1. Non-local amide H neighbours of Leu137 (under 5 Å, H modeled in plane, Pro and chain starts lacking H): which ones?
2. Mind pulling the angle between the C-alpha long axis of helix 7-18 and the longest principal axis of the chain? Nearest 10 degrees, somewhere in 0 to 90.
3. Just to confirm the number: angle between the C-alpha axis of helix 82-97 and the first principal axis of the chain, 0 to 90 degrees, nearest 10?
4. Okay, helix-only estimate at 222 nm for the chain: each DSSP H run of n ≥ 4 adds -39500 (n - 2.57), divide by all residues, round to 500 deg cm²/dmol; what do you get?
5. With +1 on each Lys and Arg Cβ and -1 on each Asp and Glu Cβ, and nothing else charged, work out how big the dipole of the chain is about its Cα centre, in Debye to the nearest 20.
6. If exposed trypsin sites (Lys or Arg not before Pro) are those in a DSSP loop with at most 13 other Cβ within 10 Å, what is the longest stretch of the chain that has none?
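Every number here is computed from the coordinates shown, using simple stated rules; none is lab data. These numbers come from a predicted model, not from an experiment. With ideal geometry, Cβ positions are generated from the backbone for all residues, glycine too; neighbour counts draw on all protein chains shown.
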Amino acid sequence: MLNAASPIGKDLDSLADMVSFGVFPGLLLVAQIRTQSMGTGSGFWTEHIHFLGYLIPAASALRLAKFNNDTRQSQEFIGLPTPANTLLICALVWIDKLPLQWCFVFDSTFRFSIPLALWIFLALYLPWMLNSEIRLLALKFKNYSWKDNRFRWLFLLTAAPMLVLGWHAFPLIILNYIIWSFIYNGLSSASS
């Protein structure tokens, strides 16, 4: 609003992002793993497995620092953006807690129960995805033309109908985002 930018402002923005999109999803993942691993036995692994969730804040800090200093990320992201990572974790936690009756399409009390193995997989996979060299679409529109933004528009057009699933849609939307990014990468590298 003030049209004022400074390096310290960028760093403070990343610090705020670190709390919202690093610490918060990491703590959610720690809580999910801890809750599900309770009662599965005793031993070092069972009592400490939830610490894997702390990889999310560490990887998010690295991701945000890389983003601040990487000039390649003006038109696209390299690695999974931290807000998308947070949205995925929050949606999965929400889905794990609520019956499907909260979904707009279904009228039942069926509950998804996300297994401990998936939470552990996410605690290991998402930190890698955050800092991978995989190019993903940035949803930054410089104009609204089809020619310049066709993959952004295709992502939005295929994601919008999924919203009828409520919170259950967000993991599918993130997957849809990654798929359209791979198609974009494949076609743009084939044309160059």
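1. So Leu137 has HN proximity to Phe77, Ser181.
2. With both axes taken from Cα atoms, the answer is about 30 degrees.
3. 30 degrees
4. Details: 8 runs with 114 residues, N = 192.
It comes out at -19000 deg cm²/dmol, rounded to the nearest 500.
5. Dipole magnitude for the chain comes out near 380 debye.
6. 1-139
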